[in-house]
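Each remark here refers to the structure printed beneath this line.
The values are calculated or read from the model by the stated rules, or taken from the named source; none is laboratory data. Predicted model, so just to flag it, every value in this text is computed and none were measured. Neighbour counts run over all protein chains shown; Cβ positions are idealised from the backbone, glycine included.
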Amino acid sequence: MTSPVTESRDRTLEALLDDIAERFDVASSAVVVPDARSGALGIAASVGLDEAAAEGLTAAMARPGHPIARTFGEPVATFDVQPINPGGPALRSHIPLVVSRDGDESVVGVLALAHDRPIEPAARANLLETARVAADAIDQNETD
């Protein structure tokens, strides 16, 4: 059973992903967070992923070297990269969700996008701002 705080976080993340879907040409998007106990990566919120796609993504993220998992260790946004697994849209973008705590930066999640056309520089700036809002929503959940 999820807590009311986690449910609120997930609703906030879903709203942000809905906004991304409306404003940008993104086929699907997900916010991935580590499980507090096991550290396993899971999808906290998504738009455009059916159950089978979400299960496939969750299984893929468990493999070493997956781009989403790698973004937790190397927190640099990547845009317009070709997927490692076939199928779906032609490009992927991964944006680390970073918060600062006591002067240290921590990656609390990853915003993962699947899309067919490159993301323009102005859109990248907007997505980075959305990522900051998502990171704050996750951080608020962790500190409550």
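Figures for the structure shown
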item: Single unsatisfied condition, residue 78 versus (1) at pLDDT 95 or above; (2) closer than 27 Å to residue 7 by Cβ; (3) hydroxyl-bearing (Ser, Thr, Tyr); (4) surrounded by fewer than 18 Cβ atoms within 10 Å (Cβ to Cβ); result: (2)
item: Any hit, region 24-38, residues being touching a residue at least 60 places away in the same chain (Cβ under 8 Å), closer than 18 Å to residue 129 by Cα and more than 14 Å from the chain's Cα centre (by Cα); result: yes
item: Subset of region 84-99 that is modelled with pLDDT of 90 or more and surrounded by fewer than 18 Cβ atoms within 10 Å (Cβ to Cβ) - its residue that is nearest to residue 140 (Cα to Cα); result: 98
item: Region 9-25: number of residues that are touching a strand residue (DSSP E or B) at 6+ places or on another chain (Cβ under 7 Å) and among the β-branched types (Val, Ile, Thr); result: 1
item: Members of region 2-23 that are without any contact (Cβ under 8 Å) to a residue 60 or more places away in the chain, of a type outside the set (A, V, I, L, M) and outside any loop (DSSP other than H, G, I, E, B); result: 4, 7, 10, 11, 14, 18, 22
item: Residue check for residue 49: buried (at least 16 other Cβ atoms within 10 Å of the Cβ), free of Cβ contacts under 8 Å to residues at least 40 places away in the same chain and either closer than 19 Å to residue 134 by Cα or touching a strand residue (DSSP E or B) at 6+ places or on another chain (Cβ under 9 Å) (or both); result: yes
item: All positions within region 90-105 that are under 22 Å from residue 14 (Cα atoms) and without any contact (Cβ under 8 Å) to a residue 60 or more places away in the chain; result: 91, 92, 93, 94, 95, 96, 98, 99
item: Search result, residues across region 93-108 that are within 20 Å of residue 123 (Cβ to Cβ) and in contact with a Phe, Trp or Tyr (Cβ under 9 Å, 6 or more places away or on another chain); result: 93, 94, 95, 96
item: Residue among 87, 73 that is among the small types (Gly, Ala, Ser), free of Cβ contacts under 8 Å to residues at least 60 places away in the same chain and either under 21 Å from residue 24 (Cα atoms) or touching a Gly at 6+ places or on another chain (Cβ under 7 Å) (or both); result: 87
item: Every residue from region 107-141 that is more than 13 Å from residue 26 (Cβ to Cβ) and buried (at least 16 other Cβ atoms within 10 Å of the Cβ); result: 107, 108, 109, 110, 131, 134, 135, 137, 138, 139, 141
